1. Using amide H atoms built in the peptide plane, which far-off residues or other-chain residues are under 5 Å from T187 H to H?
2. For the pair D48 and V178, how long in nm is the line joining their label points, each one 7 Å along Cα→Cβ?
3. Under 5 Å between amide H atoms, partner at least 5 residues away or on a different chain: which partners does A64 have, H built in plane at 1.01 Å?
4. From the square roots a ≥ b ≥ c of the eigenvalues of the alpha-carbon gyration tensor of the chain, which class results: rounded (a/c under 1.5), prolate (a/b over b/c), or oblate?
5. Where nothing but the Cβ of Lys and Arg (+1) and of Asp and Glu (-1) is charged, how large is the charge dipole of region 14-153 around its Cα centre, in debye to the nearest 20?
6. What's the percent breakdown of Cα-Cα distances in region 115-192 across 10 Å bins, shortest bin first?
7. Which order results if W144, W180 are arranged by neighbouring Cβ count within 10 Å, fewest first?
8. Starting with the fewest neighbours, write out D136, D69, D184 ranked by other beta-carbon atoms found within 10 Å of each beta-carbon.
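Bear in mind that the values in this text are calculations on the coordinates, not laboratory data. Here the structure is a predicted model, which is why all the values come from computation and not from measurement. Here the Cβ is made from the backbone with ideal geometry for all residues, glycine too, and neighbour counts use every protein chain on show.
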Amino acid sequence: MQASPPSEAQAINGVSSKTLPAADRVEALARLTSRELEALFLRATVADRDFQAISGHPRGRVLAVPGVDRGLRGDLVRRFQGSVLYPWEGKSFSALSASEGRGINRFRYPVRRGWFPFRTGLAESRTDGRPCIAIDYDVPENPWLARGIYDELRALGDGLYLGRGGMRRAGTKVPSLVLWFLVDARTHDRAL
């Protein structure tokens, strides 16, 4: 699974490592609609080295929720998702091998703790069959509903990973899109 990060020509609305400083790039990604994030995800790639690059406690941010990603309502939701009041802090990843690992989501409210563990590994995307880092919540420690969550990550370059958060539905191959999120491997929080 060797691939390279998206080229400058693959930038959406000017969101690229060459046109924006790192902090501004995260904010620019947060302003994209779900449709624009989908286009970016479909053009992004993942390489074997990306699996190791996310190990640790990278910071996360929800970018968009389909149907609530435009207008005043979208602006309010984005502000909340980017604020310190938003409970989700990111994901912690621990590699078990060169292509498999485990992890957990980090939350900061009401107290800082880990919730919803997952298995992770390099896989073919259920969205388009291309390589991705799969995040599968179907593990015994999770409650029944959480076991249906299935996320996929792809590299945007410069330590940023775009995540497609999905929910499995009976009889469908592609998990339904629930939200878009970012994993920022450049910035790590402390361990739980």
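1. The answer is R59.
2. Each label point is offset 7 Å from its Cα along the Cβ direction, giving 3.2 nm.
3. W180
4. rounded
5. The dipole of region 14-153 has a size of about 520 debye.
6. Histogram of Cα-Cα distances, whole percents per bin: 18, 49, 29, 4.
7. Least to most surrounded, the residues fall as W144, W180.
8. D136, D184, D69
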